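Engineer: Pasting a structure below so you can have a look.
The values are calculated or read from the model by the stated rules, or taken from the named source; none is laboratory data. Because the structure is predicted, anything quoted here is derived from the model rather than measured. With ideal geometry, Cβ positions are generated from the backbone for all residues, glycine too; neighbour counts draw on all protein chains shown.
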Amino acid sequence: MSLWSHVEQAPPDPILGVGVAYNADPAEKKVNLGIGAYRDDTGKPWVLGCVKHAEQKILKDTEDGKMNKEYLPVQGLQAFLDVTSAVILGKDSPLIKEKKVAVVQSLSGTGALRIAAEFLSIYKPGVPVYVSDPTWGNHHQIFKKAGLQTHSYRYLTKDMKLDIDGMLADLKAAPEGSVFIFHTVAHNPTGVDPNPDQWKMIADVCDAKKAIPVFDTAYQGYASGDLDKDAYSVRYFAHERGFELFVTQSYSKNFGLYGERIGALNVVCKDPAVATKVTSQLGLIVRAMVSNPPLHGARIVSTVISDPELFKQWDTELKLMANRIISMRQDLVDALKAIDCPTPAPIYKDWSHITSQIGMFAFTGLQAKHVDILSSKWHIYCTKNGRFSMAGLNAHNVNYVAEAMKDALVTAGPADV
């Protein structure tokens with residue numbers, strides 16, 4: 001008998017499993033609406049032009065002996081650390097100028113969250129962590145694996161609007177000093193974000209509860225096409241309200257660097273001496289976790305951000321990606337209207353919740369019974385909660401998807417709300 005006979009089979013990842021099912025489907029006509037990665041209008045992966053140019057520059061510098069493949073320091077590539085905080089906090093941020101931001105490179109946003117979770121488990125042992133319901137599927141297990149208990153706060157009404165009253169009530173009921181996880185922009189999976197007035201109310205509760213905000217930033221620039229606009233929540237909390245907080249960054253979506261695993265963890269402190277100490281302790285966590293971070297993605301990002309022409313190209317390509325996603329939202333709604341597709345349930349007046357949401361994902365209102373029909377009959381794949389990756393839609397399949405949605409709703413009946 002094996003030493004590990006008692007180990008049980010792990011359940012498939014609810015998000016990654018969608019891609020597995022899609023790839024296993026032999027159907028010639030099929031659509032993957034589960035993948036959290038950008039696709040062009042032909043359904044193909046897209047490497048940004050600014051990334052290609054940066055890699056050409058890196059290759060030349062390597063051939064000329066200006067660059068090598070040596071280990072990085074545990075905190076990460078200095079050229080990357082010098083620019084990443086400015087992307088989220090702003091290039092003129094007084095917090096950066098006053099050296100009040102501890103920052104380390106991470107394995108994208110997931111790695112940044114795990115470093116934050118480990119830090120919290122050491123310096124705030126037993127602190128409760130509150131996460132929106134619904135949220136990205138990995139949030140709970142990241143913090144649980146670090147030994148912290150997670151709880152949920154209400155976030156969405158039955159008709160796909162922000163449940164600000166329920167959210168505030170749950171945050172107010174949390175113990176003082178709790179950790180509150182917020183999505184900086186383009187909430188995953190709902191695409192529903194607080195407006196500035198609502199962020200103020202949320203900040204008021206955080207202040208009253210002496211909470212520790214953690215902002216998870218996966219879609220900066222990708223949501224609206226504007227890096228500064230998409231960073232509003234973080235900058236409001238950090239600059240206008242003076243919170244000490246954590247901010248994770250992922251460059252997977254906004255640079256298309258999914259497989260390079262490049263991100264950062266920023267910890268905003270009130271004192272530069274404290275920030276220095278925090279940086280040193282974050283480095284110890286990284287050392288024990290991955291020894292030191294990978295090099296290539298950090299070089300790409302730092303090269304683009306520090307080069308005015310490449311940065312301008314990146315900004316243009318961000319707008320292109322964001323605008324295509326926005327257009328596909330409208331195209332899907334138009335296609336649904338054109339065939340008189342019923343709404344997910346009587347509580348929905350129309351399909352406008354799809355166009356009012358932002359970011360990569362649309363929370364359609366479809367449920368598992370509808371999703372099963374989409375996959376089994378139409379070979380369209382998405383998560384069981386009805387989350388569509390809008391990047392998977394294009395001019396060639398949007399009408400097909402709309403027809404499938406109508407069939408699923410007519411066949412299975414309205415959603416149970």
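Yes/no per residue for (1) part of a loop (DSSP other than H, G, I, E, B); (2) within 22 Å of ARG261 (Cβ to Cβ); (3) among the hydrophobic types (A, V, I, L, M, F, W, C):
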residue	(1), (2), (3)
GLY109	no, yes, no
PHE119	no, yes, yes
PRO125	yes, no, no
LEU168	no, no, yes
ILE181	no, yes, yes
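Engineer: Quickly run through the stretch 152-163 and pick out the residues that are closer than 23 Å to VAL185 by Cβ and either surrounded by 18 or more Cβ atoms within 10 Å (Cβ to Cβ) or not polar (S, T, N, Q) (or both). Spell out the reasoning first.
Structural biologist: Residues of the stretch 152-163 that are closer than 23 Å to VAL185 by Cβ, as a first pass: 152-157, 159-163.
Residues satisfying the conditions are TYR153, ARG154, TYR155, LEU156, ASP159, MET160, LYS161, LEU162, ASP163.
Engineer: When you look at ILE115, is it over 22 Å from the mean Cα position of the chain (by Cα) and either closer than 15 Å to VAL278 by Cα or not assigned by TED's automatic domain parsing to the domain that holds LEU257 (or both), yes or no?
Structural biologist: Taking the combined requirement at face value, the residue does not satisfy it.
Engineer: Another one. Is it true that GLU70 is at pLDDT 95 or above, loosely packed, with under 14 Cβ neighbours inside 10 Å and under 30 Å from ALA275 (Cβ atoms)?
Structural biologist: Considered against the rule, which asks whether it is at pLDDT 95 or above, loosely packed, with under 14 Cβ neighbours inside 10 Å and under 30 Å from ALA275 (Cβ atoms), GLU70 comes out as yes.
Engineer: Given the options ALA395, ALA362, ALA345, name the one that is touching a residue at least 24 places away in the same chain (Cβ under 8 Å) and farther than 19 Å from ASP159 by Cα.
Structural biologist: Numbers: ALA362 fails: farther than 19 Å from ASP159 by Cα; ALA345 fails: farther than 19 Å from ASP159 by Cα.
From the options ALA395, ALA362, ALA345, the qualifying one is ALA395.
Engineer: Which members of the stretch 228-247 meet the condition of being under 14 Å from the mean Cα position of the chain (by Cα) and either without any contact (Cβ under 8 Å) to a residue 60 or more places away in the chain or within 20 Å of ALA79 (Cβ to Cβ) (or both)?
Structural biologist: ASP230, VAL247
Condition check ((1) at pLDDT below 95; (2) surrounded by 15 or more Cβ atoms within 10 Å (Cβ to Cβ); (3) part of a strand (DSSP E or B)) across all residues:
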| residue | (1), (2), (3) |
| --- | --- |
| ILE325 | no, yes, no |
| ASP334 | no, no, no |
| ASP340 | no, no, no |
| THR343 | no, yes, no |
| ILE347 | yes, no, no |
| TYR400 | no, yes, no |
| MET405 | no, yes, no |
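Engineer: Suppose we filter TYR236, TYR258 for residues that are assigned by TED's automatic domain parsing to the domain that holds SER85 and within 30 Å of GLY365 (Cα to Cα); which single one remains?
Structural biologist: Values: TYR236 fails: within 30 Å of GLY365 (Cα to Cα).
When all the criteria are applied, what remains is TYR258.
Engineer: A follow-up question, please. Out of the residues in the stretch 90-136 that are more than 24 Å from ALA37 (Cα to Cα) and among the small types (Gly, Ala, Ser), which is surrounded by the fewest Cβ atoms within 10 Å (Cβ to Cβ)?
Structural biologist: GLY126
Engineer: Suppose we keep only residues that are at pLDDT below 95 and closer than 10 Å to GLY392 by Cβ within the stretch 25-35. Which one would you say is surrounded by the most Cβ atoms within 10 Å (Cβ to Cβ)?
Structural biologist: GLY34
Engineer: Another question, then. Can you tell me how many residues within the stretch 22-80 are among the hydrophobic types (A, V, I, L, M, F, W, C) and in a loop (DSSP other than H, G, I, E, B)?
Structural biologist: Residues in the stretch 22-80 being among the hydrophobic types (A, V, I, L, M, F, W, C) and in a loop (DSSP other than H, G, I, E, B): 11 in total.
Engineer: Here is a follow-up. What are the residues in the stretch 360-398 that are hydrophobic (A, V, I, L, M, F, W, C) and assigned to a helix (DSSP H, G or I), if any?
Structural biologist: ALA368, VAL371, ILE373, LEU374, TRP378, MET390, ALA391, VAL398
Engineer: I've got another one for you. Out of curiosity, is ILE96 over 21 Å from GLU260 (Cα atoms) and at pLDDT 95 or above?
Structural biologist: So ILE96 fits the description; yes.
Engineer: Taking GLY386, is it assigned by TED's automatic domain parsing to the domain that holds LEU332, crowded, with 17+ Cβ neighbours inside 10 Å and in contact (Cβ under 8 Å) with a residue 60 or more places away in the chain?
Structural biologist: So GLY386 does not fit the description; no.
Engineer: What's the number of the only condition in (1) over 26 Å from ILE58 (Cα atoms); (2) surrounded by 21 or more Cβ atoms within 10 Å (Cβ to Cβ) that LYS270 fails to meet?
Structural biologist: (2)
Engineer: From the list ASN266, ASN254, which residue is within 16 Å of the chain's Cα centre (by Cα) and either without any contact (Cβ under 8 Å) to a residue 12 or more places away in the chain or not in a helix (DSSP H, G or I) (or both)?
Structural biologist: Just one listed residue meets the conditions, ASN266.
Engineer: Just for the stretch 1-24: of the residues that are of a type in the set (A, V, I, L, M, F, W, C) and under 16 Å from SER389 (Cα atoms), which one is surrounded by the most Cβ atoms within 10 Å (Cβ to Cβ)?
Structural biologist: The residue in question is VAL18.
Engineer: Inspect the stretch 80-102 for any residue being of a type in the set (Phe, Trp, Tyr) and more than 22 Å from the chain's Cα centre (by Cα) and give the result as yes or no.
Structural biologist: No, that holds for no residue.
Engineer: Being in contact (Cβ under 8 Å) with a residue 40 or more places away in the chain, surrounded by fewer than 24 Cβ atoms within 10 Å (Cβ to Cβ) and not in a loop (DSSP other than H, G, I, E, B) is the filter here, so list the residues in the stretch 187-221 that pass it.
Structural biologist: Correct list: PRO196, ALA203, ILE212.
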